[in-house]
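Student: Here you go, one structure.
Bear in mind that the values in this text are calculations on the coordinates, not laboratory data. These figures come from a predicted structure and were not determined experimentally. Heads up, the Cβs are rebuilt from the backbone with ideal geometry, glycines too, and the neighbour counts pull from every protein chain shown.
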Amino acid sequence: MDYILSILIFLPLVAALLIIVLGSSFRERFKYIALAVTVIQLFISIAIYLDFSSSTAFAGINKESQFQLLEKIPWIRLDLGSIGKLEIDYFLGIDGLSMPFLVLSALVMFVATLASWEIKTNHKAFFALLLLLNTAVMGVFCALDFFLFYVFYELMLLPLYFLIGMWGGARREYAAIKFFLYTLFGSVFMLLVIIGLYFSVINPATGNHTFNMILMMDPSNYIGNSIFSTVANQELFGISARLLAFIVLFIAFAIKVPVVPLHTWLPDAHVEAPTPVSIILAGLLLKVGGYGILRVCISIFPEAAVQSAWWLGLIGVISILYGALNALAQTDLKRLIAYSSVSHMGFVLLGIASGTVEGVSGAMLQMISHGGLSAMLFFLVGMIYNRVHDRDIASFRGLALIMPQFTAFVVIAFFASLGLPGFSAFMAEAFSLIGAFTSAEINGLLPRWMAIGGAVGILLSAAYFLWTLQRMFFGQTRLKGGDIWLSQLKDINIREKVALVPLAVLALALGIFPSLAFSKMNASILAFIQLFSG
Amino acid sequence: MMNDFIQNISPSINDTIRSLSLFYPEIGIATGFILVVLADLFFHRRSPQASFMLTILCLALVGCLNFSQLGYPAEAAFGGMIIVDRLAVVFKIIFCFVSVLFVLFVRYNQSLQNSSKGTGDLYSILLAVHLGLHLMVMSQNLVMIYLSLEMVSVGSYLMVGYLSGNPKQSEAAMKYALFGAVCSAFMLYGMSLLYGFTGSLEIYSPQFASFLITTPFASWGLGLIMLLTGIAFKLSLVPFHFWSPDVYEGAPTPVTAFLSTGPKIAGFALLIRILAPFQPFNLSGIDSSIFSMTTVLAVMAIASMVVGNFGAIWQNNVKRVLAYSSIGHTGFMLMALFVFSASGFKALIFYMVIYSIMNMAAFMIVDEIEERTGKQNIDDYKGLGKSFTVLMIAMVVVLVSLTGLPPTAGFTAKFLIFSAAIEAYNLSGSALMMIVIITGAISTVVSLFYYFRIPLNAFLRTGENQVTGIKGSPKVYITLFLVFLLIFFILFPSPIQKLL
């Protein structure tokens, strides 16, 4: 199958168009169409995973020929006169950095679609937007042309704005536009860097200015005196142009990740969004930020990344601690989980900044693990909220007695998230911290105290998760809504089990056999480290 | 004495006859103009839409003639008054597109159709303005520039005041005419200064160029600045923008849509023509002096983007919002001219094509909503997403395109302008250029904020009294076609690229 990635990306779009075309008499079936799409995507992505070659001959990163499932079609060719021709391709391909995210995206989308059963109004618009978002997310992870990447990256914003704004909670208007403005602020400046890059980079095969990300990673493709040339050392406002470009790109993706202090959109967006959208936000969109830092920021500007690694590590540690401390202080369960996302994504940044194989592997695994776990957590919160329309921690007590199966899943999700050995988050966080710890010896990028700071974060996350577990689930059953709530708080149903079991299995599988992920990523991560810190 | 002239007669006649062959589209418009006037006079009662049909036919014919001129080599005509080159022809094709949309818009606008004046005169005025637009983009002689600009201006004044149903409309027309008259007086004075200094009216003549090279900028700079005043007025660049919000609000919506596209595009074409002879000094020579052309344009661009985009935040009337946003867009487009070369022009033309599609579509939707519900304010758009779903989705696509986000052609257009601006920065390395670019980026974020107040009200909020939905009307279909173009051109931009 030559066009498998295109099918993966555009299948949801086709389904979205189908939903738009179908009359409202089919409105009860829209969710099944969406679900069918995600199931097909899940099968395709698993097939891709099984078929994925993990040998070093297919490491990818900065060698075009080593990417798998390549698709390349000329898209826009514009003659710009004096400066030459502009070359934009429809260029897809995957390597070890992107392939795991395809599986994760398909899985999270599947869960999110199952969570969409709670949506009661305007099914047509909801599922069309959800599928459009699906297309955009898949596209971001597959695109290797920077222009195409940017198109998909921006395409994510629009459906999200409406998904949060139309089906969200009380403060949805504020949350939706805040999210949109924050992300756009980062990405507009990213656009400027993209343009600067394509002026600087020449495709050696055709002599055209190109948007090919892989060619941008090779210093020899830069024009000698161009703005981002590695040898010319151009300056902008007294800072090295390449460092400035790195910072701009980093900020754009850091807003998505999000890192403190650019995270303030996240609690609002997560809390106001309906459950399926929270799942996608936490499960996938934050990962787009981390993926962008790996694929774009560091791969294109490695020397600037080495220069700023200390700061990245510091921001990572601050995110871990600040997010965890905030989570401790929350009274709203969904807000607590939102802040725990900030904290957990801090490990990704810390691992990446270490510039070691362990650290980057840990960061990748953390993204996948957190993608599944945050989807699970938001799904669980959504279940409670859906039943009684309340999610204040103080409103519940002793839920374990009335919802035992539900509590079992919560326990799995909480323990997995706080990094209990045997679950994926433990492996991921351990590797990130090992990377940060050994970095001082291997390449000297990060001091040891950052690893210690990160470890304190694990302690804090244990504190807030266990404390929440104790407050909400243990003890005598006491509910704010009294007997009405007691009858409404039904235990878990089949649909919910179907959604939760794969996520729990993923967390366990990756915790016990992390090599399921590591073996497929390792060649790419080695090549990435080679590019990053030499 | 007489004999001296006799020698010149036959070459001059030959030149005129030769020039006529380059002048077919304009002759076509002139003929169409007369026919429309006659048709409106004699057949108005029997077939009220005769003038509409004639205008459309005429524009279609002119469009074909323009297309046939695409391959021509650049050639001056009528003793150097005008020049027919690829740039001019491309602009003329864009005008045809805009005018056709305008004519359709007028045809399906209730308030114009129901007015006692009828629409026949509006069509004939349009053709006259269209002729003016054609001449504007072709002129290379100061007198011709002035004449064509006035031709467009006078026609525009008439269009704005066409209904004059209420004091607001009359005020708009009056304001426009007065402001325009002052600016054109400035322009004329600037031209006379330039003519006095150089002794030539032809801006591409060697005489003109040699004077500019030998004389310091300070002496003729004032003339050039005054000349630019006239164009800045047409473009509604800050600080000559004060007329535009009032005029946009007061004029009949189709006229507003036309004013925000046709004359504005022509203004840019004229700007390219006028700046061309001054280019050799632009980035190097003049910049070293205290008073620099680039600085003037850069400051204007920054001011327009800031005033346009921040001004729009405080507006509530949709047409005023679009007026301010169009000021911002003009400032943004100005960025393409800092790199005065083919790539800059290409970016600009691409932007203008997309811009005219977006603006026409936006005004059509606004007009449709106004006709159906009488709502003109953004706050009143609450809940319209329910009753006018298709129309409001189209509006969202248009607004996304106006913001310059994928997946719409507005993104490609914005991208090309940024490319041109960054190229200009690469060439000059001036910090001012960087500030312009950053202003452009920030104004994009700001523009999202006010553009999205429309979907915010239409989709995220619910209205008190639901208006019942509508079945498709011609305007809706035209809008949908335009929206389709916006999405089509990001996937397949080659049709426009071929034109460039």
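Student: Place a point 7 Å from Cα of B:Y24 in the direction of its Cβ. Which residues in segment B:86-102 have their backbone N less than 20 Å from it?
Tutor: B:86-97
Student: Roughly what % of Cα-Cα distances in the protein assembly as shown sit above 55 Å, to the whole percent? List each step's numbers first, then the result.
Tutor: Details: 113934 of 534061 pairs.
Of all Cα-Cα pairs in the protein assembly as shown, 21 percent lie more than 55 Å apart.
Student: What FRET efficiency, computed as 1/(1 + (r/R0)^6) with R0 = 45 Å and r the Cβ-Cβ distance, is obtained for A:T477 and A:L22, rounded to the nearest 0.05? Display every interim value, and only then the final one.
Tutor: Details: r = 45 Å, r/R0 = 1.00.
Between A:T477 and A:L22 the formula returns 0.50.
Student: May I have the convex hull volume per residue, in Å³, for the Cα set of segment A:251-377?
Tutor: Values: hull volume 10.8 nm³, N = 127.
With only Cα atoms used, segment A:251-377 gives 85 Å³ per residue.
Student: Using every pair of alpha-carbon atoms in segment B:373-459, split the distances into 10 Å bins beginning at 0 and state the percent of pairs per bin, rounded to integers.
Tutor: 17, 37, 25, 14, 7, 0
Student: Treat each spin label as a single point 7 Å out from the Cα along the C-beta direction, and report the B:S12 to A:E118 distance in nm.
Tutor: Placing both labels 7 Å beyond Cα along the Cβ direction yields 8.5 nm.
Student: Shape call for segment B:200-342 from the C-alpha gyration tensor, a ≥ b ≥ c root eigenvalues: rounded (a/c under 1.5), prolate (a/b greater than b/c) or oblate?
Tutor: On the way: a/c = 2.70, a/b = 2.01, b/c = 1.34.
It is prolate, given that a/c is not under 1.5 and a/b is the larger ratio.
Student: Against the longest principal axis of chain B, how steep is helix B:409-428, in degrees 0 to 90 to the nearest 10, with axes from Cα atoms?
Tutor: Around 40 degrees separate the two axes.
Student: From other protein chains only, count the Cβ atoms within 10 Å of every residue's Cβ in B:438-446, then give the mean.
Tutor: So the per-residue partner count for this stretch is 4.
Student: Follow-up. Can you tell me the FRET efficiency between B:Q497 and A:R29 if r is taken as the Cβ-Cβ distance and R0 is 35 Å, rounded to the nearest 0.05? Working shown, then result.
Tutor: Details: r = 42 Å, r/R0 = 1.20.
That gives a FRET efficiency of 0.25.
Student: What number, in percent, do you get for the relative contact order of chain A if the mean sequence gap of Cα pairs under 8 Å and at least 6 apart is divided by its residue count? Working shown, then result.
Tutor: On the way: 1008 pairs, mean separation 83.1, N = 534.
It comes to 16 percent, rounded to a whole number.
Student: Here is a further query. If r is the Cβ-Cβ distance from A:T56 to A:I239 and R0 is 30 Å, what FRET efficiency results, to the nearest 0.05? Spell out each step's value before the answer.
Tutor: Details: r = 37 Å, r/R0 = 1.22.
Between A:T56 and A:I239 the formula returns 0.25.
Student: What value does segment A:4-533 have for Rg/Rh, both radii from Cα atoms and Rh as Kirkwood defines it?
Tutor: Working: Rg = 22.5 Å, Rh = 23.2 Å.
Taking Rh as the inverse mean 1/r over Cα pairs, Rg/Rh reads 0.97.
Student: Could I ask something else about it? Restricting everything to alpha-carbon atoms, can you work out Rg to Rh for segment A:366-412 with a Kirkwood hydrodynamic radius? Don't skip to the answer; put the middle values down first.
Tutor: Values: Rg = 11.7 Å, Rh = 11.6 Å.
Here Rg/Rh amounts to 1.01.
Student: Within segment A:380-403, what residues put their amide N at less than 18 Å from the label point 7 Å along the Cα-to-Cβ vector of A:A170?
Tutor: A:385-396
Student: For helix B:474-491, what angle does its Cα long axis make with the longest principal axis of chain B, in degrees from 0 to 90 and rounded to 10?
Tutor: 60 degrees
Student: Any chance you could run the full-extension gain for A:V501 through A:I73? It's 0.36 nm times the residue separation minus the Cα-Cα distance, nm to one decimal.
Tutor: Numbers: separation 428, 0.36 × 428 = 154.08 nm, distance 3.97 nm.
Residue separation times 0.36 nm, minus the Cα-Cα distance, leaves 150.1 nm.
Student: For A:L401, put the label point 7 Å out on the Cα→Cβ axis and report which residues of segment A:477-491 keep their amide N under 11 Å from it.
Tutor: A:477-479
Student: For segment B:292-500, what is the convex hull volume of the alpha-carbon atoms per residue, in Å³? Mind dumping the intermediate values first?
Tutor: Details: hull volume 21.6 nm³, N = 209.
Here the figure is 104 Å³ per residue.
Student: At 7 Å along the Cα-to-beta-carbon direction for both A:A232 and B:A60, put a label point, then send me their distance in nm to one decimal.
Tutor: My value for the distance between the label points is 5.2 nm.
Student: Sticking with this structure for a sec: Hey, what did chain B get for relative contact order, percent, Cα under 8 Å, at least 6 apart?
Tutor: Numbers: 723 pairs, mean separation 61.9, N = 500.
Computed over chain B, the figure is 12 percent.
Student: Once both axes come from the Cα atoms, what is the angle between helix B:431-451 and the longest principal axis of chain B, in degrees from 0 to 90, rounded to 10?
Tutor: 20 degrees
Student: Give the dimensionless ratio obtained when the Cα radius of gyration of segment B:129-176 is divided by 2.2 N^0.38 Å. Don't jump to the answer; show the numbers that get you there.
Tutor: On the way: Rg = 13.0 Å, N = 48, 2.2 N^0.38 = 9.6 Å.
Normalised by 2.2 N^0.38 Å, the Cα Rg of segment B:129-176 equals 1.36.
Student: Also, quick follow-up: Once you compute Rg and the Kirkwood Rh from C-alpha atoms, what is the Rg to Rh ratio for segment A:479-534?
Tutor: Working: Rg = 21.3 Å, Rh = 15.2 Å.
A ratio of 1.40.
Student: Turning to a different aspect of this structure: Per residue of B:457-464, how many C-beta atoms from partner chains lie within 10 Å of its own C-beta, taken as a mean? Numbers along the way, then the final one.
Tutor: Values: counts 1, 0, 6, 11, 3, 0, 0, 0.
Average neighbour count from other chains, rounded to a whole number: 3.
Student: Which value in deg cm²/dmol, rounded to the nearest 500, describes the helix-derived mean residue ellipticity at 222 nm for the protein assembly as shown, given -39,500 (n - 2.57) per DSSP H run of n ≥ 4 and division by the residue count?
Tutor: Taking each H run of at least 4 residues, the total per residue is -23500 deg cm²/dmol.
Student: What is the mean number of Cβ atoms from other protein chains located within 10 Å of the Cβ atom of each residue in peptide A:187-195, rounded to a whole number?
Tutor: Mean shielding by partner chains, rounded to a whole number: 6.
Student: Distance in nm between label sites at A:I251 and A:N386, each 7 Å beyond Cα in the beta-carbon direction?
Tutor: Label-label distance for A:I251 and A:N386, simple model: 4.0 nm.
Student: Taking the C-alpha atoms of chain B, how large are the radius of gyration and the largest Cα-Cα span, Dmax, in Å?
Tutor: Calculated on Cα positions, Rg and Dmax stand at 22.6, 84 Å.
Student: Here's a follow-up. Greater than 19 Å separation of Cα atoms is the criterion. Which listed pairs, A:K256/A:K520; A:K287/A:K497; B:K264/B:K319; B:K168/B:K319; B:K117/B:K264, meet it?
Tutor: Details: A:K256/A:K520 26 Å; A:K287/A:K497 25 Å; B:K264/B:K319 17 Å; B:K168/B:K319 14 Å; B:K117/B:K264 27 Å.
In this structure, A:K256/A:K520; A:K287/A:K497; B:K117/B:K264 lie more than 19 Å apart at Cα.
Student: Compute and list, largest first, the equivalent-ellipsoid semi-axes of segment A:1-116 from the alpha carbon gyration tensor, each √(5λ) rounded to a whole angstrom.
Tutor: Semi-axis lengths for segment A:1-116 are 32, 23, 10 Å.
Student: Taking a ≥ b ≥ c as the square roots of the Cα gyration tensor eigenvalues, with a/c under 1.5 meaning rounded and otherwise prolate when a/b beats b/c, else oblate, which class fits segment A:174-320?
Tutor: prolate
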